[in-house]
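Working notes, structure below.
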Amino acid sequence: MSQLTSNTTAFIEAQQYSQFILDNLHDFLLPEGMWRDVSDFGSGTTLNIKTVGTVSIQDAAEDTPLNFNPIDTGTITLAITDYVGDAWKVSDDLREDGAQVDSLMSMRAMESTRALGENHESRFLAVANAAQTNANVNLVNGRPHRWVAGGSGASTRVMTLSDFIAMKLAFDKANVPTAGRIAIVDPIVEATLNSISNLVSVSNNPMFEGIVTEGFAKDHKFVKNIFGFDIWTSNRLPVKTATEALNASSYGLANDTAEIGDVANVFMSVADDSTKPIMHAWRRAPKTEGWRDEETRSDKYQVTSRFGFGAQRVDTLGVILTSGSTY
């Protein structure tokens with residue numbers, strides 16, 4: 001008698017499990033070259049950094065003494081504000097009864113590292129946005145550094161070329177170096193840029209011009225160069241949780257209100273450490289530890305990190321608020 005599916009059901013394993021484990025899809029993180037690394041903050045809770053202002057010259061005349069004017073001074077501070085981590089364990093029973101447990105633990109460790117990296121990038125971009133004053137155009141040398149996208153008279157909150165022109169002018173008036181200007185925008189803004197038919201005329205710089213090229217992995221999402229800004233995308237830009245009214249109509253820009261869910265696109269200079277708007281210090285770079293817990297008969301792992309971000313200058317920083325859904 002033949003062995004058929006109907007009389008050999010004990011040998012039919014309906015549920016099969018592949019040796020392949022499907023992992024998560026991730027975008028690429030921004031490099032550490034975006035901020036100034038403060039190396040002299042190895043202890044304590046707050047670092048104070050001295051600042052000096054500018055000097056104004058005065059008219060002079062024969063046989064007339066000059067006025068003795070002090071230069072403005074002040075301090076900025078950087079604190080270790082973030083203490084984050086992750087922990088997991090695997091029991092002896094799972095190791096004995098399970099399959100591909102080592103692969104699972106390896107992927108668990110990679111996902112933990114990835115989560116810390118995403119948190120780090122989100123904090124960097126959030127601190128950059130928070131360095132400016134909400135509901136204020138944040139004037140620097142008479143030009144705004146914060147507004148809602150769309151251009152004069154618009155209420156679309158969609159990025160236009162006039163917004164890039166205005167930010168270039170704002171940076172020029174603030175004496176920001178032309179090299180090292182970048183913009184970190186939401187993928188929605190990239191979609192907007194891709195739909196602008198005459199954009200090719202200003203997209204003439206395929207490289208980052210050596211400012212932090214070595215710090216970028218090949219797969220980081222470079223879009224194009226527009227009016228001197230190298231455009232990069234990130235899914236971790238700050239998202240508005242409350243409305244923000246900004247009237248920049250006096251400067252040929254929008255008089256509009258950013259809505260809940262809108263995105264703060266960050267413009268900055270990373271030409272060198274003195275021009276970068278954001279500073280950063282590690283107190284503890286991500287550190288992984290593992291140990292044996294005899295009482296619970298399991299192997300435990302944890303990774304922790306301590307760091308701080310702070311604003312060191314705002315004249316090399318700009319923010320344009322855009323819709324989080326419309327392009």
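Below are the figures for this structure:
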read-out: Of all residues making up the stretch 300-327, the number that are surrounded by fewer than 17 Cβ atoms within 10 Å (Cβ to Cβ) and in a strand (DSSP E or B); value: 3
read-out: Breaking point among (1) at pLDDT 80 or above; (2) among the aliphatic types (A, V, I, L, M); (3) closer than 25 Å to Asn138 by Cβ, for Ile211; value: (1)
read-out: Count - residues of the stretch 264-321 that are in contact with a Phe, Trp or Tyr (Cβ under 9 Å, 6 or more places away or on another chain), over 30 Å from Leu139 (Cβ atoms) and of a type outside the set (Val, Ile, Thr); value: 14
read-out: Residues of the stretch 111-142 satisfying the condition of being within 21 Å of Met34 (Cα to Cα), touching a His at 6+ places or on another chain (Cβ under 8 Å) and polar (S, T, N, Q); value: Gln132
read-out: Qualifying residue in the stretch 189-196 (condition: at pLDDT below 95 and in a loop (DSSP other than H, G, I, E, B)); value: yes
read-out: Residue in the stretch 49-67 that is modelled with the lowest pLDDT, counting only those that are surrounded by fewer than 10 Cβ atoms within 10 Å (Cβ to Cβ) and polar (S, T, N, Q); value: Thr54
read-out: Residues of the stretch 115-129 satisfying the condition of being more than 23 Å from Glu244 (Cα to Cα) and open to solvent by less than 40 Å² (accessible area, probe 1.4 Å); value: Leu116, Gly117, His120, Glu121
read-out: Some residue of the stretch 146-164 being part of a loop (DSSP other than H, G, I, E, B) and closer than 22 Å to Ile278 by Cα; value: no
read-out: Listing of strands (runs of 3 or more DSSP E) fully contained in the stretch 223-275 that carry 2 or more residues being under 13 Å from Trp147 (Cα atoms) and of a type in the set (S, T, N, Q); value: 255-258
read-out: Members of the stretch 89-102 that are open to solvent by 50 Å² or more (accessible area, probe 1.4 Å) and either of a type in the set (Ser, Thr, Tyr) or touching a helix residue (DSSP H, G or I) at 6+ places or on another chain (Cβ under 9 Å) (or both); value: Leu94, Arg95, Asp102
read-out: Test: residue in the stretch 130-139 that is free of Cβ contacts under 8 Å to residues at least 12 places away in the same chain, open to solvent by 10 Å² or more (accessible area, probe 1.4 Å), aliphatic (A, V, I, L, M) and not in a helix (DSSP H, G or I); value: yes
read-out: Residue within the stretch 142-156 that is at positive phi, open to solvent by less than 30 Å² (accessible area, probe 1.4 Å) and touching a residue at least 40 places away in the same chain (Cβ under 8 Å) present; value: yes
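The values are calculated or read from the model by the stated rules, or taken from the named source; none is laboratory data. Just so it is clear, the structure is predicted and the values come from calculations on it, not from any experiment. With ideal geometry, Cβ positions are generated from the backbone for all residues, glycine too; neighbour counts draw on all protein chains shown. These area figures cover heavy atoms from the full protein model, side chains too; ligands, DNA and RNA do not enter into them. Shrake-Rupley method; radii C 1.70, N 1.55, O 1.52, S 1.80 Å.
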